[in-house]
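The values are calculated or read from the model by the stated rules, or taken from the named source; none is laboratory data. All values reported here derive from a predicted model rather than from experimental measurement. Here Cβ is always computed from backbone atoms with ideal geometry, including for glycine, and neighbour counts include all displayed protein chains.
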Amino acid sequence: MLDRRLRAFQQTARIEHVHQAAADRAELGDRARAARADRRPVHEAVDVVDRQPEAIGVVGVARDTLKDLDLMREKDLLERLMQEIRKPDGGLATYGEAQVRHALELGAVDTLLVSEGLRRSRAKLRCGNCGRESEATVEDAKPLDPCSNCGEDKMAVQDRRDVVVEFTERATTMGTRVELVSRESEEGELLLRAFGGLAAILRYRVT
Ligand SMILES: [Zn+2]
């Protein structure tokens, strides 16, 4: 499953359009959720009632239960993260894009928490005036900053990759568990707003 997903990501490694990136992310979310649901006995219950059209009401209840389980799981994960963060030494947790990227590169991440609300790309930029090239994280919906070298507003994107895809791919190669967190709970919103949409529960402390 992970290998297949990784190969799929590699095929989309050069994402040219934001729309494509957004579509990939939606699919990624669906697949991650489906994979999680597959591991749960309650999913079997949904399959059974799915085959009985007269049991529509029961299907609705089962689906709600699945959704509740997802939310409970997300809350649990965020609670675990917060418990670590609250420890005086920072505990086995880190957050924010740069810190999480660093920890991932070291292989120190046990569980990667990614907000489904994250709308950012890692972009290779080039200034149309002075030719300065740089790499930066850009918000998908926001205009680019002017060139840091000449100050002209002529930066153009050469290549961009969705941050969710990038981090998930990194995590997969390191045997890190990836959890996509919805925005449907207070905890989910906290992950997006307070931690930049990226946090990690660590295997060991990273300095
Ligand atoms: Zn420039």
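Observations
- Within the stretch 126-153, considering residues that are of a type outside the set (S, T, N, Q) and assigned to a strand (DSSP E or B), the one nearest to the ligand (Cβ to nearest atom): Cys127
- Taking the stretch 83-120 as the range and being part of a helix (DSSP H, G or I), at pLDDT below 95 and closer than 20 Å to Ser182 by Cβ as the test, only Glu97 passes.
- Close Cβ contacts (under 6 Å, 6 or more residues apart or on different chains) running from residues in the stretch 76-102 that are closer than 18 Å to Leu190 by Cα to residues that are of a type in the set (D, E, K, R) comprise Leu77/Glu179; Leu78/Glu187; Ala93/Glu84.
- Residue count for the stretch 126-171 satisfying the condition of being in contact (Cβ under 8 Å) with a residue 60 or more places away in the chain and among the charged types (D, E, K, R): 7.
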